[in-house]
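Read-outs: derived from the displayed coordinates by stated rules, not from any lab. Fair warning: this is a prediction, and the values are worked out from it, not measured in the lab. Virtual Cβ from ideal backbone geometry, glycine too; neighbours counted across all protein chains shown.
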Amino acid sequence: MKRALIITYYWPPAGGSGVQRWLKFAKYFHNFDIEPIIYTIKNPAYPLIDKSLLNEIPNGIEILKQPIWEPNNLFSFRKKHQKQSAGFLNSKPSFFGGILQYIRANYFIPDARKFWINPSVNYLKNYLKNNPVDVVISTGPPHSTHLIGLKLKEELQLKWIADFRDPWTDIDYFHHLPLTKKSLKKHLFLEEEVVKNADVIMVVGETMKQNYLKFNKNIKIVTNGFDGEIADEKVNLDSKFSITHIGLMNADRNPILLWKVLKEIGTENSQFLKDLNINLVGKIDKDILGSISENSLNKKVTIIDYLPHNKIDNFQNKSQFLLLVVNNVPSAKGIITGKIFEYLKAKRPILAIAPKNGDLATIIYETESGIVVDFQDKELLKSTILAWYSLYKNENLKIKSKNIGQYHRKELTGKVATIIKAIT
């Protein structure tokens, strides 16, 4: 059995998307003769908590923990606000907020977890003297985890896999950071060092792979996925024409055109407005709430702040259709939101507002699970909603998606196991 040391900042009781990937791999590794050893933080202050995920930690798994000092702790009087703003980078900060963003962007590179790097390297070097492993795996963001992996690789000549759940300098919010030229150069240098020196780079999509090929030819795509059973098509659907979005919606994910189209259809057809119900489950940016209000849709929207992962399925499975919005940013083509795979499991029609030539669109096309509409394609957006509304009125709104099983977490874990065994 191969032993794999996994360095991850996010681990239960952390909530949100960042924890899912390696929790699920760890869950299924023993099916493929891989023994996972988890290294994570001892004193978490996660912005999102989901205690239900504690029940998914495999029995008997070895979990190593060390404390971390984070500069955010200096601003303890702002903690309440930080939790409410989980996952967002304020594009219109206050004067004080702008100063904090500048400090974080330029003095904590690659991120605010940089102070965990050296203590972690020292701790893990001592651990590995008596507890050898076959491979070290770092997963980011935060990308400080990769610098721990890099140092262990350099000092102990261990096999090392760097897993990018999201890109580094090409991540959706990177263009918003108030970086100096010197800071940008340092980010680019560290990213290149990690990608060049890892034995394998794991990414979640084709665009990220193409961007990193110039530094390393051994790049493997392992997407995120879903766990559990695919939904029963006989589920009782909402009586309303329900549109459900699950997950964070920051300012870059504000589907302004959608709100306008829904208002326009409602003006043309009063019954549509009576039937309409929009469910937004997760943290919602104030800009989105403003857009909803501007289009007189407040009374049609139900907002649920956050739900544990094990309670989300019900909302997805009974919804008439599922809304997926990619960040409208320069790197949009390469963004594959984790929720797409949960949506696939629900087997409900997916309306994705995203680049039609992007990685996410490829998944939707190949699984025939919905429609992809470009950010400004009003004609297709409106015609799709009208067509689906007509099917809903005839109680016939459904989707016959295919090839979903490849995205089950167990299947994906098998891919990771193959990668591990190929280099050890």
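For the stretch 110-151, the spherically averaged projection of the C-alpha convex hull amounts to 2.8 nm². Springs between Cα atoms under 10 Å define the GNM used for the chain, and in it the highest mean-square fluctuation of 205, 60, 370 occurs at 60.
Simple rule: put +1 on each Lys or Arg Cβ and -1 on each Asp or Glu Cβ in the chain, find the dipole, and look at 179, 390, 256; the Cα lying farthest toward the positive end is 179. The eigenvalues of the Cα gyration tensor, multiplied by 5 and square-rooted, give the stretch 265-356 an equivalent ellipsoid with semi-axes of 22, 18, 15 Å from largest to smallest.
Calculate the length of the line joining the C-alpha centroid of the stretch 155-211 to that of the stretch 233-278, in whole Å. Using only Cα atoms to place each centre, the spacing works out to 37 Å. Relative contact order for the chain using alpha-carbon pairs under 8 Å, separation at least 6, rounded to a whole percent? Reported as a whole number, the value is 15 percent.
Applying 1/(1 + (r/R0)^6) with r as the Cβ-Cβ distance of residue 265 and residue 123 and R0 = 56 angstrom yields a FRET efficiency of 0.45. Projecting the Cα atoms of 336, 244, 267 onto the dipole axis of the stretch 241-404, where Lys and Arg carry +1 and Asp and Glu carry -1 at the beta carbon, places 244 farthest toward the positive end. Here the translational diffusion coefficient of the stretch 254-317 follows from Stokes-Einstein with Rh set to the Kirkwood radius across Cα pairs; for 25 °C and 0.890 mPa s it amounts to 193 µm²/s. If R0 is taken as 41 Å, the Cβ-Cβ distance between residue 421 and residue 106 corresponds to a FRET efficiency of 0.50. Among the aspartates and glutamates, which fall within straight-line cross-link reach of residue 286, defined as a Cα-Cα distance under 20 Å, with same-chain neighbours fewer than 8 residues apart omitted? Once the sequence-local aspartates and glutamates are set aside, what remains near residue 286 is 172, 252, 294, 305. For the stretch 188-340, the normalised intensity computed at q = 0.11, 0.20 Å⁻¹ comes to -0.58, -1.25 (log10 of I(q)/I(0), Debye sum over alpha carbons, equal scatterers, no solvent). Normalised Debye scattering of the stretch 331-379 at q = 0.31 Å⁻¹ gives log10 I(q)/I(0) of -1.29, counting only Cα atoms as equal scatterers and leaving out solvent. For the stretch 331-423, dividing the convex hull volume of the Cα atoms by the residue count gives 101 Å³ per residue. This model, with +1 at the C-beta of Lys and Arg and -1 at the C-beta of Asp and Glu, gives the chain a dipole about its Cα centre of some 680 debye.
Here the spin labels are modelled as points 7 Å beyond Cα on the Cα-Cβ line, and at residue 403 and residue 186 they lie 4.4 nm apart. Return the lysines within reach of residue 129: Cα separation strictly under 18 angstrom, same-chain partners fewer than 8 residues apart disregarded; answer none if there are no such residues. The qualifying lysines are 2, 65, 151, 153, 159. Look at the dipole of the chain built from charges on Cβ: of 34, 351, 126, the Cα furthest out on the positive end belongs to 126. Shape annotation for the chain: C-alpha extents along the principal axes are 70, 51, 40 Å, from largest to smallest.
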